[in-house]
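For reference, the structure discussed in these notes is given below.
The values are calculated or read from the model by the stated rules, or taken from the named source; none is laboratory data. Model, not experiment: these values are computed from the prediction. Note that each Cβ is placed from the backbone with ideal geometry, even for glycine, and that neighbours are counted across all protein chains shown.
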C-alpha cells in the first residue's frame, strides 16, 4: 500500500496549485466561483484517494488534466440539465441561486467538520471507516485488504461510529453518509 498523503502535504499542494487549477477550470467554465468550487472538490477527492497518487513532481500535470476533465464533465452535465429545463419551464423559474449557494456553503462546512472528526479517530478506525463509507467495501473486502478478521472490522467500525455519534457534528456525518 502506498503512503498516504498527509494533511500538511495536501495543504502545501493546495496553496501552490490552487490558482493555476482555477485558471484551468476558468478556461472551460467562465465562472470564477464555480471554478474555485470545482478545484476544491478536486482536492477533497484527491485527499480521499488511497492508491496510485502521482508523486509531487508529477502533481501539476496530473491535477491540470483532472481539473480539465472535471470542468468538461460539468459542462456536459449542465447542458443536459439545461435541456431538461427547456422541456419543463416551471423548474427554471423555481431555481433560486442564493438558496443553492447557501446549500453549497452548508455542505462545505459539514464536509470540513466531518473530515476533522474522521481525522481525530484512531488510525485503524479511520482507515476502516474510509474503506467502508467512501470506497463502499464490504466487511469481508476490508478484512482481506487490511489483513484482519471480519470481527475486527466490525468492532473497529462500531467504535468509529460510536465515537462520531458522541459529537454533535457526528449526527451530520451519519445523515451525510447515507447520501455518499
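Things worth noting here:
- In the range 18-33, the residues that are touching a residue at least 24 places away in the same chain (Cβ under 8 Å) and surrounded by 17 or more Cβ atoms within 10 Å (Cβ to Cβ): 21, 24, 25, 28, 29
- Unique match (being modelled with pLDDT under 85, under 19 Å from residue 47 (Cβ atoms) and surrounded by fewer than 11 Cβ atoms within 10 Å (Cβ to Cβ)) among 117, 180, 104, 164: 180
- Residue 15 falls short of the stated requirement of being at pLDDT 90 or above, surrounded by fewer than 12 Cβ atoms within 10 Å (Cβ to Cβ) and not assigned by TED's automatic domain parsing to the domain that holds residue 123.
- Candidates 148, 142, 75, 70: the one that is surrounded by 11 or more Cβ atoms within 10 Å (Cβ to Cβ), modelled with pLDDT of 80 or more and not in a helix (DSSP H, G or I) is 148.
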